[in-house]
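Student: Below you will find the structure I want to go over with you.
Laboratory data are not the source of any read-out in this text; all were calculated from the coordinates shown. Computed from a predicted model, the values in this text were never measured in an experiment. Don't worry about glycine lacking a Cβ; one is built from the backbone with ideal geometry, like all the others, and counts go over all protein chains shown.
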Amino acid sequence: MARRTTSPTRSGRRRLAGIAAILLLLAAACGDDDTSSTTAASTTTAAATTTEAPTMTEAGTMTEAAADPWGLTTVDLPDTTEAIAAAYEAMPAEVAGYARGEAQGEHLLEYGGEGEGMSLWNQDGNHRVVEGGEQSPADFMEFLAGTGELDVIGSALDGDPVWLEASTTVGDESGEQTEYVLLCGHPDGEHVLFFQAYAEEDLDAVVEAFVATVEG
């Protein structure tokens, strides 16, 4: 089936209503002073007002360390804005049948249209503030897994890189939809890399394409 390319800004708004909005809300609720996070928190009704990071035991949602099916451990993941932007720019023109849009520097790259396809973005330490302190990628992933806002599929939080795979169901006037996300990065690095899709096989495809691109 033919796929269409849409504006990253237009489809990005749709996606912000799901996993990205949850992440912004959690950051705002836990002490992030970023303006966009505050805006996201004020325009949603989801309950996430705790200021204490839940533990893995309390939430009971973490899984045992899982195997890395994408090859993340075989490459040195980019951890600077320049390296991330270069990787996004070098990504293939099509992944899993979806055409890519224009890369927005290091900030955003999308494949496909609204409610389909995949997107890639990243988050620096300014958006990982919990209880007033900036969290490392490893600690932030552990925190997210413990909130109960995401359904954890698998994780590996002790090695290098660290990663967390999860899903969540979001809905609007058009109905409900499941989103899948992978977070990864160096345990004490500057950036967390995000990959999002509406089908688990599409998530796998875009992560594998990213790994292949970084590998060169």
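Student: Taking θ = phi - 60°, what integer Hz values does the Karplus form 6.51 cos²θ - 1.76 cosθ + 1.60 yield along region 189-199, in sequence order, with x for Gly and Pro?
Tutor: Ordered by residue, 3J(HN,Hα) equals x, 8, 10, 9, 8, 10, 10, 10, 8, 9, 9 Hz.
Student: List the residues, sorted by chain then number, that are 5 or more residues from I153 or on another chain and whose placed amide H is less than 5 Å from its amide H.
Tutor: Correct list: E165, A166, S167.
Student: Using a Förster radius of 30 Å, what is the FRET efficiency between D124 and E176 based on their Cβ-Cβ separation? Nearest 0.05, please.
Tutor: Rounded to the nearest 0.05, the efficiency is 0.45.
Student: Still on this structure, please answer the following. Residue by residue, what Karplus-based ³J(HN,Hα) values in Hz, rounded to whole numbers, does region 177-187 have, using 6.51, -1.76 and 1.60 with θ = phi - 60° and x for Gly and Pro?
Tutor: Along region 177-187, the couplings run 8, 8, 10, 10, 9, 10, 10, 8, x, 6, x Hz.
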